[in-house]
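Where a number appears in this text, it was derived from the coordinates with a stated rule and is not lab data. For clarity, every value in this text was computed on a predicted model and none was experimentally measured.
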Amino acid sequence: MFGTKWESMNANNHNRDSTRIILDPPTFSPSQEMRTNYLASRKAEVEDLLDHARNGEWKPVMALANHVRGTGAMFGFENIGLAAENLVKAVQNGDAKSLEFMEKYAEAVNASYV
C-alpha cells in the first residue's frame with residue numbers, strides 16, 4: 001500500500017515538536033496479463049476506428065484517442081500513447097492529414113507487442 005515517512009518538525013518556531021506523516025503516492029505497475037489485455041483491446045478496436053476515420057466520423061475516434069493518450073504509457077506503450085496524442089491534436093486542429101495520423105496510430109498498435 002502507501003509508504004509512510006515520519007517527520008518531526010518544530011511547529012511555529014515555539015519549540016514544540018509535532019509530527020506529521022508524509023504518504024508516498026502509490027505506484028502502478030501493471031502485470032503482464034494486464035498489459036496483454038490492454039494491447040489486445042487496442043488491437044481489437046483498430047479496424048472499427050479506421051472505418052470511422054475513413055467515413056469522417058471523428059467523435060468515436062477522439063473518445064478512444066483521448067483515453068489511450070492518457071493510458072498508453074501507464075501500461076508501457078509509450079509509442080501508442082504518443083500516436084494517440086498526435087491523432088488528437090490533428091483532429092482538434094482540423095488537420096487534413098487526420099486520417100494519416102489515424103493510420104499511424106493503427107501502425108503503432110499493430111507493431112506493438114508485450
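Determine the relative contact order of the stretch 28-93: mean sequence separation of Cα pairs under 8 Å and six or more apart, normalised by residue count, in whole percent.
Averaging sequence separation for qualifying contacts and normalising by length gives 30 percent for the stretch 28-93.
Multiply the residue separation of I21 and K89 by 0.36 nm, subtract the distance between their alpha-carbon atoms, and state the gained length in nm to one decimal.
20.4 nm
Please give every one of the aspartates and glutamates within straight-line cross-link reach of K89, meaning a C-alpha to C-alpha distance under 15 Å, and leave out same-chain neighbours fewer than 8 residues apart.
Qualifying aspartates and glutamates at Cα under 15 Å: E100, E103.
Shape call for the stretch 15-114 from the C-alpha gyration tensor, a ≥ b ≥ c root eigenvalues: rounded (a/c under 1.5), prolate (a/b greater than b/c) or oblate?
The shape class here is prolate.
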